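The values are calculated or read from the model by the stated rules, or taken from the named source; none is laboratory data. In this text, all values refer to a predicted model and were calculated from it rather than measured experimentally. Neighbour counts are summed over all protein chains in view; Cβ atoms, including those assigned to glycine, are modelled from backbone coordinates with ideal geometry. When the accessible area is computed, the model is the full protein with side chains, heavy atoms only, and any ligands, DNA or RNA have been set aside. Shrake-Rupley method; radii C 1.70, N 1.55, O 1.52, S 1.80 Å.
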Amino acid sequence: MRKYFEFARVQMQVHAAYSAWFWANTFSILLRMLVIYFFWKAVYSSRTEIEGLPFDGMITYIIIAMFLQMFVSGVGQELAHTIKDGNVAIELMRPYNLITRLVAMDIGDKVIHFVRGALPLSILAFIFMDITFPSTWQNGLLFLLSAFMGIWIGTFFDLLIAILAFWTINLWGLQVMKEAVISFFSGALVPLILFPEWFQTISLFLPFQAMVYVPVAIYTDILTGTEAWLALGSQIFWVVSLFVLLRVLWSIAIKKVTIFGG
Amino acid sequence: MDFLLGVLSVMLQQFAGIFFVKIVFDHIHALNGWTFYEILFIYGIAATGRSIHHIFFDNLWTLGWQYIRPGKFDRLLIRPINPLFHFIADRLQQDGFGQLFIGIIVISTAMPHLGISWGVLEFFILVVMIIASGFIFVAINLFFATLSFWMVDSLPIVWTIFNLSDFARYPLTIYHKGIRHFLTWIVPYGFTAFYPAAYFIEGSGFEKLALLTPVVAIVSCIIAYWFWNRGLRAFTSTGS
């Protein structure tokens, strides 16, 4: 356990060292917030609500979802590259579990991103952009719990896709496709209640809405009462099944490496 | 298979953006007076212009970390052709074709709904506008990639500036005046989509400014190329 904790700590220090990328990221997020703000301002210029959501509810949803989406991917890219350049064979001989090590590094990444990026930026958003707090503190707690699970679902899914690198070559394409599908189905761009009926039904059976939509919908009172609890239940289901799937696929993939004499 | 995956992924990425606009327009009739098809048209021009950049000039992203840092750039300098040409011709990015397809599809979907009649002249102007849009993307990326000559890798800056092009997906009239001027006269992403599109939209009020698009493209390219040459001189005079 201790060594994994060290991996997480080192990763935080690595991040603190690359400050050019930190500022680039921060600035880009600020720009995106501006686009979002003006876009929705224009959307609401001739109406007061859409599907029951007033402007401040909508902008709260969109901004919180944007922040949450930044945390629902993981270390897939690192894993995929390790697989691609063949280093995975060496990594497998080292005295740690590769996936656990990567996840530990990922946690380090996310903590530092939260502290240095998301936290100050969301404070800015709260001050300047009409963002509201959850209606009750219970809702706030439920949101934190739900967001926590959403992040794990995203992390596991990311690793699952990365393992496909054993069988495919165009990683960049796969990565872009994953991002597109997630922003599509996860409700990271708009609340899913704005989508057509059939689309909502499909996404109900996919893991993506459990990554972003569920937590943010709880935050903004789109999901309340029984609906909220059911959604939390589906999140638990996805965390568990993606974890099991990850284990299975990884052991199949590892066998492949060993067979080829890696 | 690999080519297909690349093209498909870029198409899907573009499609996500269009779908988003569609969803929003299911609930509203106009965005600040702009209709769905007008927004689509702006989007299509941006996508097509960017695809020119993506297919032919994608190598610009790699100047710092793949050429200057590993010392690979010096190899280009000893060859008897223009180093910029050599550097850009090093790679053709086939994934960009997905964006091109989507762009063309989107433009042709939106075209009949703009309320103007499409003759040969209009088509000609449209093609010129799109090429100009592509070269504005190229010029902006070239300009900021050139900073790599002084700072080894300017990728974070290039990337941040490139993200500004997100503003260009929507009518510039929805933004604060300061943002609008910035995207028109400082980093001219406005000319990669909104102004060219506005030329074909009746009563947009930007028809005259739109005609400047090719001029802006040429001027940006000249400035970027001049800057590139300065960077090149600074780079070679440090003795490498």
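Values computed for the structure shown
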read-out: Residues of region B:1-20 buried by at least 30 Å² on assembly (accessible area, 1.4 Å probe, chain alone as reference); value: B:Asp2, B:Leu5, B:Ser9, B:Leu12, B:Gln13, B:Ala16, B:Phe19, B:Phe20
read-out: Surface share of carbon and sulfur [accessible, 1.4 angstrom probe, percent] for region A:126-236; value: 76
read-out: Members of A:Lys41/B:Lys208; A:Lys84/A:Lys178; A:Lys110/A:Lys256 lying beyond 24 Å, as alpha-carbon distances in this model show; value: A:Lys41/B:Lys208; A:Lys110/A:Lys256
read-out: C-alpha long axis of helix A:119-128 to longest principal axis of chain A, angle in °; value: 10
read-out: Angle in degrees between helix B:213-237 and the longest Cα principal axis of chain B, rounded to the nearest 10; value: 20
read-out: Within 10 Å of each Cβ in B:29-35, the average number of Cβ atoms from other chains; value: 3
read-out: Separation of alpha-carbon centers, region B:188-240 and region B:25-46, rounded to whole Å; value: 25
read-out: Relative pair counts by distance (%), Cα atoms of the protein assembly as shown, 20 Å bins; value: 20, 54, 25, 1
read-out: Stokes-Einstein D (µm²/s) once Rh is taken as the Kirkwood radius of chain A over alpha-carbon pairs, at 10 °C in 1.306 mPa s; value: 80
read-out: Nearest-10 value in Å² for the accessible area of B:Val128, using the 1.4 Å probe; value: 50
read-out: Sequence ranges B:58-69, B:15-26, ranked by mean other-Cβ count within 10 angstrom, highest first; value: B:58-69, B:15-26
read-out: Mean projected area (nm²) of the alpha-carbon convex hull when region A:64-149 is viewed from all directions; value: 7.2
read-out: Lys/Arg +1, Asp/Glu -1 at C-beta; the protein assembly as shown dipole; positive extreme among B:Phe135, B:Ile81, A:Val248; value: B:Ile81
read-out: Accessible carbon and sulfur surface of region B:70-178 relative to its total accessible area, %, 1.4 Å; value: 71
read-out: Partner chain coverage, peptide A:181-189 - average Cβ within 10 angstrom; value: 3
read-out: Check: chain A dipole with +1 on Lys, Arg Cβ and -1 on Asp, Glu Cβ, in debye; value: 880
read-out: Residues A:Met1 and B:Ser108, FRET efficiency given R0 of 60 Å [Cβ-Cβ distance, rounded to 0.05]; value: 0.55
read-out: Average other protein chain Cβ within 10 Å of Cβ, residues A:18-29; value: 4
read-out: Normalised contact order of chain B, rounded percent, pairs of Cα under 8 Å and 6 or more residues apart; value: 27
read-out: A:Ile127 accessible area, 1.4 Å probe, all protein chains in place, Å² to nearest 10; value: 110
read-out: Lys, Arg +1 and Asp, Glu -1 on Cβ, resulting dipole of chain B about Cα centre, debye, nearest 20; value: 660
read-out: Heavy-atom accessible surface that A and B bury in contact, both chains counted, 1.4 Å, Å² to 100; value: 3200
read-out: Relative contact order for region B:127-240, counting Cα pairs under 8 Å that sit 6 or more residues apart, in percent; value: 40
read-out: Accessible area per residue, Å², the protein assembly as shown with all protein chains present, probe 1.4 Å; value: 46
read-out: 15 Å Cα-Cα reach of A:Lys255 towards aspartates and glutamates, excluding residues that sit fewer than 8 places from it in its own chain; value: A:Glu91
read-out: Karplus-derived 3J(HN,Hα), 6.51/-1.76/1.60, for each residue of region A:24-30, Hz, glycine and proline x; value: 4, 4, 4, 5, 5, 5, 4
read-out: Dipole moment magnitude, nearest 20 debye, region A:90-227 about Cα centre, only Lys, Arg, Asp, Glu C-beta charged; value: 400
read-out: Quarter of Cα convex hull surface for chain B, i.e. mean projection, nm²; value: 14.4
read-out: For region B:88-136 and region A:3-64, distance of Cα centres in Å; value: 31
read-out: Portion, in percent, of the accessible area of region A:73-120 that falls on carbon or sulfur, probe 1.4 Å; value: 64
read-out: With Cα atoms, 0 to 90° folded angle of helix B:36-56 axis to chain B main axis; value: 20
read-out: Burial order of peptide ranges A:208-217, B:150-159, B:135-144, A:186-195 (average beta-carbon count within 10 Å, highest first); value: A:208-217, B:135-144, A:186-195, B:150-159
read-out: Region B:1-112: mean projected area of Cα convex hull, nm²; value: 9.5
read-out: Kirkwood-based Rg to Rh ratio, region A:163-262, C-alpha trace; value: 1.09
read-out: Cα-based Rg and Dmax for region B:164-240, where Dmax is the largest Cα-Cα distance (Å); value: 16.1, 57
read-out: Most positive-pole-ward Cα, B:Val21, B:Leu211, B:Ile223, against dipole of chain B from beta carbon charges; value: B:Ile223
read-out: Peptides B:165-175, B:110-120 ordered by average Cβ neighbours within 10 Å, highest first; value: B:165-175, B:110-120
